[in-house]
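Let me begin by presenting the structure, written as structure tokens, before commenting on it.
The values are calculated or read from the model by the stated rules, or taken from the named source; none is laboratory data. Please read these numbers as outputs of a predicted model, since none were measured by experiment. Here the Cβ positions follow ideal geometry from the backbone for every residue, glycine too, while neighbour counts run over all protein chains shown. For accessibility, only protein heavy atoms count, side chains too; no ligands or nucleic acids. Shrake-Rupley method; radii C 1.70, N 1.55, O 1.52, S 1.80 Å.
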Amino acid sequence: MRPLTGVIAALSAILTLYHLYAAGVSPFTALVHRPVHFGILAVLGLLGVGVRVRVRPQRDSAETKTRRRLTVHQLVSGILLTVAVFACGYLITQHEELVRRVGSASRWDILAGSAALVLVLELARRTVGFGLVTVALLALGYALAGPWLPGMLAHRGYGLVRIVEHLYLGTEGIWGVPLGVSADFVFLFILFGALLDVAGGGDLLIGLASRVAGRSRGGPAKTAAVASAFMGSLSGSAVANVVTTGSLTIPLMKRTGFSPSVAGAIEAAASTGGQLMPPIMGAGAFILATWTNIPYTRVALAAALPAVLYYVALFAAIHFHAGREGLGRTERPPGGVVSRLHLLIPLAVIVTLLVLGRSPMRAAFWGVLSVVVSASLFSSTRLTMPKLSDALRRTIAGAVQVASACAAAGIVVGVASLTGIGLRMSELIVNLSGGYLPFALLLTAMGSIVLGMGLPTTAAYVVLAALGAPALTELGVPLLVAHLFIFYFGAMSNVTPPVSLAGYAAAGIAGAPPMRTALLAMAMAGTGFAIPFVFVYRQTLLLSG
């Protein structure tokens with residue numbers, strides 16, 4: 001296993017240095033940068049980094065154990081490794097030739113594109129599960145079966161060659177906006193969050209949260225809410241937020257009298273809200289800004305007040321529950337806060353650069369460098385080799401999952417642009433609602449929750465932006481408002497049964513019944529289901545109008 005560990009470490013370091021170079025020194029064109037990003041991450045994912053699939057160990061005889069036998073899983077992974085190198089390497093080396101003969105794909109183009117589709121679907125299955133893969137396969141089936149579909153779902157239909165050409169040879173499919181955001185912004189922000197955490201930033205944020213809220217009634221739960229607001233905005237995943245901050249805050253809540261189910265529900269609701277909290281919004285703000293061509297600062301400002309209201313309502317729910325159950329205040333806030341205050345400098349650097357109008361890529365680059373510099377100021381926070389190794393491992397694992405989800409979501413977006421299904425879905429929503437906006441909002445909200453179940457927030461938003469937002473804009477809802485509406489409900493699917501990923505993760509840490517925890521989390525996060533309807537009709541909530 002040592003050679004494999006060395007290969008993973010070397011590829012991880014190469015990819016990190018490549019992203020820092022692309023962000024801070026010299027950027028690359030989309031059809032080079034995105035395949036490099038996805039190709040290396042795909043190889044790392046196939047080597048077992050960041051995947052959910054695990055092979056059960058086989059109980060063999062002593063003689064068999066001495067001989068290394070390839071399992072079926074290892075054999076498939078080996079084949080897919082070759083596919084990843086071929087499909088991504090082909091596009092990187094041939095991109096100029098492909099641009100020159102656009103519209104006349106060769107057999108090699110189609111072969112490489114078909115291999116890339118198989119790779120994307122299998123990697124998405126291993127990292128985020130069958131939910132997104134099912135949606136992508138349904139999209140491909142829809143593109144093929146157009147002439148045989150009824151009513152407004154029908155279209156002219158497209159052959160496999162045309163589909164592969166559209167999804168692989170340009171920036172409308174796999175290499176589109178979702179994967180572009182993963183390559184440009186998300187990787188560096190995951191790296192930033194991981195470096196900050198291993199330097200002691202996570203403990204700092206929890207310590208600050210405890211000092212802000214820990215002395216009031218239900219203090220541990222309010223500490224969890226504040227800490228999750230900070231960490232969730234950086235992490236980009238409600239589930240990742242639950243398992244990081246929740247491992248500290250859930251036991252603290254239980255020790256001070258909160259039942260396991262309630263403790264898990266509070267953490268799940270708080271972690272989900274982190275996706276809605278500027279300035280980073282789990283990279284959602286960058287995707288939304290890129291998709292709508294609205295300046296990032298405008299998106300972050302619009303999202304600020306609704307996110308604050310979400311947490312105010314969560315605080316109220318915690319406060320009243322604590323009062324009803326007679327729960328007291330927390331123990332003394334953890335120490336060491338003052339000795340780590342310099343770790344707030346990187347956060348200030350990123351926010352300042354974004355406010356000044358610098359690109360998110362450049363802001364993340366300087367943010368990463370500022371973490372390294374500020375952490376080295378004191379020995380207690382210095383980034384030693386074990387800490388750097390841990391940060392790199394976390395970064396790659398998170399990046400593999402995000403890139404896989406974004407590439408698979410790119411298939412859905414590409415099929416939507418090829419077939420015009422987005423406009424048809426909009427027409428369907430408009431027709432079912434009779435043009436009545438409240439009913440259209442309700443249909444869009446329900447569809448967003450269903451399509452978002454089991455998907456990372458970023459992937460859920462991308463799918464919904466292609467299918468749901470056009471209906472709302474057609475009914476007169478402003479572009480930013482429509483996209484924030486579906487973004488909210490895509491995020492809230494994390495606490496909506498029957499596929500409440502954040503709720504189930506929190507239940508596992510708390511040792512509580514999963515479904516009860518998920519239902520309580522949905523109740524705790526109830527304001528998140530109401531706020532989008534409010535800001536559609538009262539856009540002053542988004543600091544506009």
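Run Ala506 past the list (1) in contact (Cβ under 8 Å) with a residue 24 or more places away in the chain; (2) in a helix (DSSP H, G or I); (3) over 15 Å from Gly273 (Cα atoms) and report the number of the one that doesn't hold.
(3)
From the list Phe439, Phe365, which one is assigned to a helix (DSSP H, G or I), over 19 Å from the mean Cα position of the chain (by Cα), among the aromatic types (Phe, Trp, Tyr) and buried (at least 22 other Cβ atoms within 10 Å of the Cβ)?
Phe365
Condition test on Thr517, is it of a type in the set (S, T, N, Q) and either outside any helix (DSSP H, G or I) or open to solvent by 10 Å² or more (accessible area, probe 1.4 Å) (or both)?
Working: of a type in the set (S, T, N, Q): yes; either outside any helix (DSSP H, G or I) or open to solvent by 10 Å² or more (accessible area, probe 1.4 Å) (or both): no.
Answer is no for this residue.
Name the residues in segment 162-176 that are within 17 Å of Val36 (Cβ to Cβ) and in a helix (DSSP H, G or I), would you?
Across segment 162-176, the qualifying residue is only Tyr168.
Go through the residues of segment 502-520 one by one and say whether even a single one is under 19 Å from the mean Cα position of the chain (by Cα), under 20 Å from Ile449 (Cα atoms) and at pLDDT 90 or above.
No, segment 502-520 has no match at all.
If the Cβ limit is 8 Å and pairs must be 6+ apart or interchain, which residue in segment 346-360 that is farther than 19 Å from Leu195 by Cα pairs with which residue that is of a type in the set (Val, Ile, Thr)?
Leu354/Thr297; Val355/Thr297; Gly357/Thr297
For segment 291-319, give me each residue that is within 29 Å of Glu172 (Cα to Cα), of a type in the set (Gly, Ala, Ser) and without any contact (Cβ under 8 Å) to a residue 60 or more places away in the chain.
Matches in segment 291-319: Ala300 only.
Every residue, every condition in (1) among the basic types (Lys, Arg); (2) more than 16 Å from the chain's Cα centre (by Cα); (3) assigned to a loop (DSSP other than H, G, I, E, B), yes or no:
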site: Arg393; (1), (2), (3): yes, yes, no
site: Gly410; (1), (2), (3): no, no, no
site: Leu418; (1), (2), (3): no, yes, no
site: Val430; (1), (2), (3): no, yes, no
site: Leu443; (1), (2), (3): no, yes, no
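Among the numbered conditions (1) modelled with pLDDT of 85 or more; (2) in contact with a helix residue (DSSP H, G or I) (Cβ under 7 Å, 6 or more places away or on another chain), tell me where Ser376 comes up short.
The number of the failed condition is (2).
Of all the residues that make up segment 237-282, how many are in a loop (DSSP other than H, G, I, E, B), surrounded by 24 or more Cβ atoms within 10 Å (Cβ to Cβ) and at pLDDT below 80?
2
Residue-by-condition table, conditions (1) within 26 Å of the chain's Cα centre (by Cα); (2) open to solvent by less than 20 Å² (accessible area, probe 1.4 Å):
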| site | (1), (2) |
| --- | --- |
| Leu119 | yes, yes |
| Ala124 | yes, yes |
| Val128 | yes, yes |
| Leu140 | yes, no |
| Pro147 | no, no |
| Ala154 | no, no |
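Any idea how many residues of segment 344-360 are part of a helix (DSSP H, G or I) and exposed (fewer than 15 other Cβ atoms within 10 Å of the Cβ)?
The qualifying residues number 3.
Tell me, which residue of segment 482-514 that is β-branched (Val, Ile, Thr) and closer than 18 Å to Gly246 by Cβ is surrounded by the fewest Cβ atoms within 10 Å (Cβ to Cβ)?
Ile509
Between Leu169, Leu204, Leu234, Leu179, which is buried (at least 24 other Cβ atoms within 10 Å of the Cβ), closer than 24 Å to Lys387 by Cα and at pLDDT 75 or above?
Leu204
Tally time: how many residues in segment 283-314 are surrounded by fewer than 20 Cβ atoms within 10 Å (Cβ to Cβ) and under 13 Å from the mean Cα position of the chain (by Cα)?
Number of matching residues: 0.
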